[in-house]
Amino acid sequence: MPKFFIHSNNFTGDQTIITGSDVHHIIHVLRKKVGDKLIITLEDKKNFCAQIENITPLKIDLHILEQIPSSFQNKHTLILAQGIPKHAKMDLIIQKATELGVEEIIPLMSSHSFNSKGMISQTRWTRWQKIASEAAKQCGRNTLPMLHHPTEFSTLLQNLKEETSLLRLLLWEKEHQNRLKNVLDKHKKIKKIIVLIGPEGSFSADEIQSAKEAQFIPVCCAPWILRCETAAIYALSTIQYEFNF
């Protein structure tokens, strides 16, 4: 059953409404009619089964039928800090990170990133938000990931200074000792993980050193060099397998 995220302001008693681009999707893509049912999710992660009562070009009126159990959620907080790659690679990373349960996605402006000077258009930013929302609906998760605005590499490290009990992982193609799985095995009780992944060309030597000084643990995923989008999917999948299954 299709799922849609709504704001609590659109929720009153046993009635709610859907507005915005979701209206077009429900009418013209899903071809839903009055009497059909949808799943809606509030910010507090509660899921409800709702029935369509009325459809207009601008909004859809729903009657809440019942609350339903929440789907699977992480046992930990998972954050991806990703150096921004070229073209559609970031689109793919955001989509798959959302499907893999990442709670925060931080696009990073680093020395080798596509936008080292913050050249992200409003159109691209809106596209990223849409990709995350559609991926969350498709996979049935209860929350949208927090998608941060592009952040300077140095700013990220500064923001993490006060964080405690945070497992900091740096995927680095020149690391040959610390394997990702072995490091995860040593931190099974950790509740919060951040994964730092470079863009094409990886991070600079200075950035690697700064990350190490900020207590990031360099880890390797495989004995070969992975593309940045492959590395993100590989690492996030491994973490979810080790911590949740």
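When you scan the range 149-198, how many residues do you find that are of a type in the set (K, R), under 19 Å from the mean Cα position of the chain (by Cα) and more than 16 Å from C220 (Cβ to Cβ)?
Of the residues in that region, 2 qualify.
If you take the residues of the range 146-173 that are in contact (Cβ under 8 Å) with a residue 40 or more places away in the chain and of a type in the set (D, E, K, R), which of them is nearest to T123 (Cα to Cα)?
E152
Report yes if some residue within the range 98-120 is under 15 Å from Y234 (Cα atoms), of a type in the set (S, T, N, Q), surrounded by 15 or more Cβ atoms within 10 Å (Cβ to Cβ) and modelled with pLDDT of 85 or more; otherwise report no.
Among the residues of the range 98-120, at least one is under 15 Å from Y234 (Cα atoms), of a type in the set (S, T, N, Q), surrounded by 15 or more Cβ atoms within 10 Å (Cβ to Cβ) and modelled with pLDDT of 85 or more, which makes the answer yes.
Looking at (1) more than 23 Å from W172 (Cβ to Cβ); (2) in the same structural domain as V195 (by TED's automatic domain parsing), can you tell me which one D61 breaks?
(2)
Take the conditions in a helix (DSSP H, G or I) and at pLDDT below 90 and apply them to Q138. Does it pass?
yes
Assess whether L180 counts as being in contact with a strand residue (DSSP E or B) (Cβ under 7 Å, 6 or more places away or on another chain) and more than 18 Å from A88 (Cβ to Cβ).
Here the answer is yes, as L180 does meet what is asked.
Looking at I6, I106 in this structure, which one is of a type in the set (A, V, I, L, M) and under 30 Å from E163 (Cα atoms)?
Working: I6 fails: under 30 Å from E163 (Cα atoms).
Only one candidate passes the filter, namely I106.
Of the residues that make up the range 40-55, is at least one within 26 Å of the chain's Cα centre (by Cα), surrounded by fewer than 16 Cβ atoms within 10 Å (Cβ to Cβ) and either in the same structural domain as E134 (by TED's automatic domain parsing) or of a type in the set (K, R) (or both)?
yes
Looking at the range 201-233 only, could you name the residues that are more than 18 Å from R168 (Cβ to Cβ) and out of contact with any His (no Cβ under 7 Å at 6 or more places or on another chain)?
Result: A205, A222, P223, W224, I225, L226, R227, C228, E229, T230, I233.
So H112 passes all but one of these: (1) outside the structural domain of A232 (by TED's automatic domain parsing); (2) assigned to a loop (DSSP other than H, G, I, E, B); (3) out of contact with any strand residue (DSSP E or B) (no Cβ under 6 Å at 6 or more places or on another chain). Which condition number does it fail?
(1)
Kindly evaluate L147 against the criterion of being under 30 Å from I40 (Cα atoms) and assigned by TED's automatic domain parsing to the domain that holds V102.
Numbers: under 30 Å from I40 (Cα atoms): yes; assigned by TED's automatic domain parsing to the domain that holds V102: yes.
The answer is yes for L147.
The values are calculated or read from the model by the stated rules, or taken from the named source; none is laboratory data. This structure is a prediction, so every number in the text was calculated from the model and none was measured. FYI the Cβ positions are ideal-geometry reconstructions off the backbone, even for glycines, and counts take in every protein chain you see.
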